[in-house]
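Notes follow the structure.
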Amino acid sequence: MEWIWLSAASALAGFVDAIVGGGGLILVPALFAAFPQAAPATLLGTNKSASMWGTAAATWRYARRVRLPWDALLPAVAVCWAGAWAGAWLVTQAPAEPLRRALPWVLLALLLYTLARKDLGRHHAPRWRGRAETLAACAVAGAIGFYDGFFGPGTGSFLVFAFVRVLGYDFLHASAAAKLLNLTSNVAAVGLFAWKGHVWWALGLAMALANVAGSLLGTRLALRHGAGFVRGAFLLVVTALIAKTGWDAYAPLVRAS
């Protein structure tokens, strides 16, 4: 019966992820709770095999309603793909524990900065055009794509923040652009996990259908309510990410002391 409540978790994850990212905060713990003896790589691969379809649905919906700078974003897609593969390779060579412990503090700084800048992301005012915008988008895509391949939690939120802060997008346009790059890194990661045999395709299919349904609902709400709504969702998701990543990083140390 695990597939029933995992599908429900996947629908909720797709809903949250479509608005501002952070769906893995819901679905990854659900998979680990349902299958505590399974290999982590298999659970992560199965999560990606479901969430990439919800991300694809959100990308398609946003692309139809939000005007995006495709000349800048398409090169960024290629850079994001390369970054995700490089990160996935590095995680097989180096420990991610230092990053795990630093992540809650990075997220906290991001949250405080967004709260302090009350107008941040409320107005769409891109800082660059043409080649400069392409280079900025590629820099964001390469760095965060690499992070997604290497570690992953909070990737969608980091992408949204980067497009708002670095490129000057409002939260709605940032979320739309982030979906395209997040889809890229997800597909790259699924390819690697599948190559290594770490995907449960039958379970992934059931969760994918639910994820798409949740994603379409979340995208509809974001498009209807605009940048202010997405900003509020962003703050809520980042707060939850701080709590979750902080617990994961430091609870074992507290128990051991």
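Read the figures in this text as sums done on the coordinates, not as results from a lab. Worth saying up front: this structure is predicted, and the values here are computed from it rather than measured. As a convention, Cβ positions derive from the backbone with ideal geometry for all residues, glycine included, and neighbour counts pool all protein chains shown.
Find out how many positive minus negative residues lie around R122, taking Lys and Arg as positive, Asp and Glu as negative, among other residues whose Cβ is under 9 Å from that of R122.
Neighbourhood net charge equals 0.
If the convex hull of the alpha-carbon atoms of the range 10-150 is projected onto planes in all directions, what is the mean projected area in square nanometres?
Taking a quarter of the hull surface, the average projection is 10.0 nm².
Expressed as an acute angle from 0 to 90° and rounded to the nearest 10, what is the orientation of the C-alpha long axis of helix 201-256 relative to the principal long axis of the chain?
Helix 201-256 sits roughly 60 degrees off the main axis of the chain.
Tell me the angle of helix 24-34 to the major Cα principal axis of the chain, expressed in degrees between 0 and 90 and rounded to the nearest ten.
With rounding to tens, the tilt is 10 degrees.
How much length would be gained if the chain were fully extended between L236 and A8, taking 0.36 nm per residue of separation minus their Cα-Cα distance, in nm to one decimal?
This chain segment gains 80.0 nm when fully extended.
Calculate the FRET efficiency for V106 and A86 from the Cβ-Cβ distance with a Förster distance of 22 Å, rounded to the nearest 0.05.
Calculated value: 0.65.
Pick out, from M207, L167, F193, the residue whose Cα sits farthest towards the positive end of the charge dipole of the range 133-239, with +1 on the Cβ of Lys and Arg and -1 on the Cβ of Asp and Glu.
M207
Have a look at W60, F146, L43 and report the one farthest towards the positive end of the charge dipole of the chain, computed about the Cα centre with Cβ charges (Lys/Arg +1, Asp/Glu -1).
Positive-end residue among those listed: W60.
Evaluate the distance, in nm, between pseudo-label points positioned 7 Å from the Cα of L221 and of A125 along their respective Cα→Cβ axes.
Inter-label distance under the simple model: 3.0 nm.
What's the FRET efficiency of L115 with A39 using the Cβ-Cβ distance as r and R₀ = 30 Å, to the nearest 0.05?
0.15
If you take the beta carbon distance between F32 and Y250 as r and set R0 to 25 Å, what does 1/(1 + (r/R0)^6) give as a FRET efficiency, to the nearest 0.05?
Computed FRET efficiency for F32 and Y250 comes out at 0.90.
Find, to one decimal place in angstroms, the Kirkwood hydrodynamic radius of the range 1-83, where the mean of 1/r is taken over every pair of different Cα atoms and then inverted.
14.2 Å
Treating only the Cβ of Lys, Arg, Asp and Glu as charged (+1, +1, -1, -1), what charge dipole size does the chain show about its Cα centre? Round to the nearest 20 debye.
Once rounded to the nearest 20, the dipole reads 640 debye.
Taking the range 2-256 as the region of interest, what is the percent of Cα-Cα pairs per 10 angstrom bin, listed from the shortest bin to the one with the maximum distance?
Histogramming the range 2-256 at 10 Å steps yields 8, 33, 39, 17, 3, 0 percent.
On a 0 to 90 degree scale, rounded to 10, what angle separates helix 70-91 from the longest Cα axis of the chain?
Taking Cα atoms only, the helix is inclined about 30 degrees.
Can you give me the C-alpha center-to-center distance between the range 120-148 and the range 1-63, rounded to a whole angstrom?
Comparing the Cα centres of the range 120-148 and the range 1-63, I get a distance of 26 Å.
What shape does the range 146-250 take by its C-alpha gyration tensor, where a ≥ b ≥ c are the square roots of the eigenvalues and a/c under 1.5 counts as rounded, a/b above b/c as prolate, and the rest as oblate?
Here the range 146-250 falls in the prolate category.
Kindly provide the helix-only [θ] at 222 nm of the chain, computed as the sum of -39,500 (n - 2.57) over DSSP H runs of four or more divided by all residues, to the nearest 500 deg cm²/dmol?
-29000 deg cm²/dmol
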